[in-house]
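Contents: one structure, followed by commentary.
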Amino acid sequence: MADLERAGIQEQMQRPHGRYDQLVRAVEQTADSVVITNRQGVIEYVNPAFEETTGYSADEALGRTPRLLKSGLHDEQFYKELWASLMAGKPFRGIIINRKKSGQLYWSAQTISSMKDENGEITHFVSVLKDVTELRKQQEQEFHLQIAHEIQERLNTTVASLPGFDIAGTVCSATLTGGDYFDFIVQADGCLCVAIGDVSGHGFGAALVMAETRAYVRSYALLESDMGAILSRVNSALVKDLARGQYVTLLLARLDPRNRLVQYASAGHIPCYLLRPSGQIGHVMESTGPPLGLFAGSQFCSSPAISLDYGETLVLLTDGVTEAANEDEAQFGADRALEFIKCHLQNSAAELVRGIHETVRAFSGGGPPSDDITSVICKVSLAAMGASA
Amino acid sequence: LQIKEKQINGVSVLDLAGRITLGDESNQVYLKIKEMLGKGASQIVLNLAGVRHIDSAGLGTLVSGYTSAQNLGATLKLANLTKRFRELLNITKLVTIFETYDNVDDAVKSFAKKA
């Protein structure tokens, strides 16, 4: 039965009128624009898709040349080469920027082939045009986002070396660019300023604010030794720049390697922790003021200096860790992160930040994260401190 | 997000239901607050009883609403906060900015006490 049907279709196709009708219907109904010109380039046929895409009716297009669509964005050499190729009997394939009747420019993936008669003489040209403007825009956006991503990756690969400490940080952005960040800045007196922050919202806008915040913190951390004073100055700068309702939570911790002290200030950031050598919580580093960028007059104070002992661990997180949710909408919470560290106290800081990230991802089902996941670990390393003592 | 407006003893109460998150929902809340302020409302209570989730952008919007009100000499208070949102206000220290109440009645009455 199938063979019989196929034979019937073939027979119909072979009948001159049947095949002609089918071809006409195909050209008339295809979504791509089809233009047929004579050898001189005068348009003899356009299909309905051409009318729809370009805004020119068949009546307006017939008798004119494809220069009708010329955008002026390709130079004469381009058209010269195109025609040379066509007259030599070779098809042209390429992307051409055309102009619609409305004046709007659009990208068109175009194939132009010559039609020949029985003597091999070129009689017509057939042009098939596909509007690829949306695709092109998407590609351009992805290209720029990729550049932004690479720049941000470089901002987030900072490493720190401080005598007596083993320090590491990691960021995993939910989108190609993110609003979380961490940084290590060596201050004039040899102390290390550790920053961890989270810009409200996600994506490209948050990434720009993150880059700005990072630049301010880097600058002020070289001018001010007090963490609270740095936050107050960064806040004043951000208040002027941020969009309505946008803000940054930021915790700055100052590690003093000589006196084995840590002092911090936190602008609305989630609690961070100092773990005893046993893994028990020794100190909770609560926020000391509102987030940055909201209130012009916000002033921030630093915590009293907290002395650090060998084997203690500073755990700095963003809410992408604590608020990561599983299928049942239970949150990962700080407890699970701290429990993980307690069970792996012998691991290096780099192993711990990697481990936290992997545990969070596994907890939330392994899918793409819904928020940026950032952690910084500073271990008071026994070996190094022993050597310097 | 659904917003219903009512008046109780001269106080404008906005019943919010749904999510206040990045994008349209946040804008909707902010525009509504601006609209109320534009109409001359000077005492506003946001009833968050029906709000399931507020993200960081939503919190930012509420702060903007608060600041806009303050700049016009008006006051914006919050009622019926979920446990999680209360925690978020605590963490960010914004609990020191907003006046918060366990229910709408208390929030409305608080205006009368001051007056």
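What follows is calculated from the coordinates using simple rules that are stated; it is not laboratory data. The structure presented is a predicted model; accordingly, all values stated were derived computationally and were not measured. Quick reminder, even Gly has a Cβ in these numbers, built from the backbone with ideal geometry, and neighbours come from all protein chains shown.
Results for (1) of a type in the set (D, E, K, R); (2) touching a residue at least 12 places away in the same chain (Cβ under 8 Å); (3) not in a strand (DSSP E or B), shown as yes or no for each residue.
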residue	(1), (2), (3)
A:Phe78	no, no, yes
A:Gly89	no, yes, yes
A:Asn98	no, yes, no
A:Ser102	no, yes, yes
A:Ile112	no, yes, no
A:Thr123	no, yes, no
A:Gln139	no, no, yes
A:Thr158	no, yes, yes
A:Asp166	yes, yes, no
Residues of segment A:298-328 satisfying the condition of being of a type outside the set (A, V, I, L, M, F, W, C) and under 26 Å from the mean Cα position of the chain (by Cα):
A:Thr318, A:Asp319, A:Gly320, A:Thr322, A:Glu323, A:Asn326, A:Glu327
A:Val234: passes all of (1) touching a residue at least 40 places away in the same chain (Cβ under 8 Å); (2) of a type outside the set (Gly, Ala, Ser); (3) within 14 Å of chain B (Cβ to nearest Cβ) but (3)
Kindly state which strands (runs of 3 or more DSSP E) lie completely within segment A:246-297 and contain at least 1 residues that are within 14 Å of chain B (Cβ to nearest Cβ), among the small types (Gly, Ala, Ser) and buried (at least 24 other Cβ atoms within 10 Å of the Cβ).
A:261-267
So A:Gln152 fits all but one of (1) closer than 30 Å to A:Gln40 by Cα; (2) crowded, with 19+ Cβ neighbours inside 10 Å; what number is the exception?
(1)
Output the residue which, of all residues in segment A:329-369 that are in a loop (DSSP other than H, G, I, E, B), within 26 Å of the chain's Cα centre (by Cα) and among the small types (Gly, Ala, Ser), is surrounded by the fewest Cβ atoms within 10 Å (Cβ to Cβ).
A:Gly367
For segment B:21-115, please list each of the strands (runs of 3 or more DSSP E) lying entirely inside it that holds at least 2 residues being touching a Leu at 6+ places or on another chain (Cβ under 6 Å) and polar (S, T, N, Q).
none
A:Cys191 is checked against (1) over 18 Å from A:Leu314 (Cβ atoms); (2) touching a Lys or Arg at 6+ places or on another chain (Cβ under 6 Å) and fails just one. What number does that condition carry?
(1)
Consider A:Ala215 against the criteria (1) in a helix (DSSP H, G or I); (2) touching a strand residue (DSSP E or B) at 6+ places or on another chain (Cβ under 9 Å): it satisfies all of them except one. Which criterion is unmet?
(2)
So A:Val209 passes all but one of these: (1) closer than 23 Å to A:Leu308 by Cα; (2) within 14 Å of chain B (Cβ to nearest Cβ). Which condition number does it fail?
(1)
Taking segment B:22-49 and keeping residues more than 10 Å from chain A (Cβ to nearest Cβ), surrounded by fewer than 20 Cβ atoms within 10 Å (Cβ to Cβ) and farther than 18 Å from B:Val108 by Cα leaves B:Asp24, B:Gln28, B:Leu31, B:Lys32, B:Lys34, B:Glu35, B:Gly38, B:Lys39
Taking segment B:58-92 as the search range and keeping residues that are away from every other protein chain (no Cβ under 12 Å), of a type outside the set (A, V, I, L, M) and surrounded by fewer than 16 Cβ atoms within 10 Å (Cβ to Cβ), which one is farthest from B:Asp105 (Cα to Cα)?
B:Gly73
